Amino acid sequence: QVQLVESGGGLVQAGGSLRLSCAASGSIFSIYAMGWYRQAPGKQRELVAHITSSGITNYADSVKGRFTISRDNAKNTVYLQMNSLKPEDTAVFYCNAAARSDYGSPIDSYWGQGTQVTVSS
């Protein structure tokens, strides 16, 4: 099994920055795409940013130009640098990874436990 642990959330004022990290551990054969999702109260979980194993990225329109996703394959870690934060960015942010836990096993989707990001106005 693959475990994902997020860190870096917190409370920040509008216009501020935060950097989220998500480290994968456990039985890992290979990690493919990784991404960040968020879920605000009363809303559905939505994709924030996504990065392939080769580094190709895509972003939700609402965060383009403000957020940057990156990954360190040697550390099995994905990051989300969030700048110019807005109150509407307030949500629980979840890390996701598509990975194989062993040779021959299927590619499964794994989720972290989530980290709270709160942006005050």
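The values are calculated or read from the model by the stated rules, or taken from the named source; none is laboratory data. Just so it is clear, the model here is predicted, and its values are computed rather than measured. So basically every Cβ, Gly included, is an ideal-geometry build from the backbone, and we count neighbours across all protein chains shown. For the accessible areas, the whole protein counts, side chains as well, though only heavy atoms, and no ligand, DNA or RNA atoms are used. Shrake-Rupley method; radii C 1.70, N 1.55, O 1.52, S 1.80 Å.
Tabulated values for the structure
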quantity: Charge dipole (debye, nearest 20) of the chain; +1 at Cβ of Lys and Arg, -1 at Cβ of Asp and Glu; calculated: 180 debye
quantity: Accessible surface, the chain, averaged per residue in Å² (probe 1.4 Å); calculated: 52 Å²
quantity: Anchor K43: lysines whose Cα lies under 24 Å away (excluding residues fewer than 8 positions away in-chain); calculated: K64, K86
quantity: J(HN,Hα) series, the range 76-92, from Karplus relation 6.51 cos²θ - 1.76 cosθ + 1.60, nearest Hz, glycine and proline x; calculated: 6, 10, 10, 10, 9, 8, 10, 10, 6, 5, 10, x, 6, 7, 4, 4, 8
quantity: Extended-chain gain in nm, criterion 0.36 nm per residue less alpha-carbon gap, K86 and I107; calculated: 4.1 nm
quantity: Dimensionless Rg ratio for the chain, taking C-alpha atoms and the 2.2 N^0.38 Å reference; calculated: 1.04
quantity: At most 14 other Cβ within 10 Å, DSSP loop - chymotrypsin sites (Phe, Trp or Tyr not before Pro), the range 1-51; calculated: F29
quantity: The chain, accessible surface, carbon-and-sulfur percent (1.4 angstrom probe); calculated: 49 percent
quantity: Solvent-accessible surface ranking, highest first, for S53, S105 at 1.4 angstrom; calculated: S53, S105
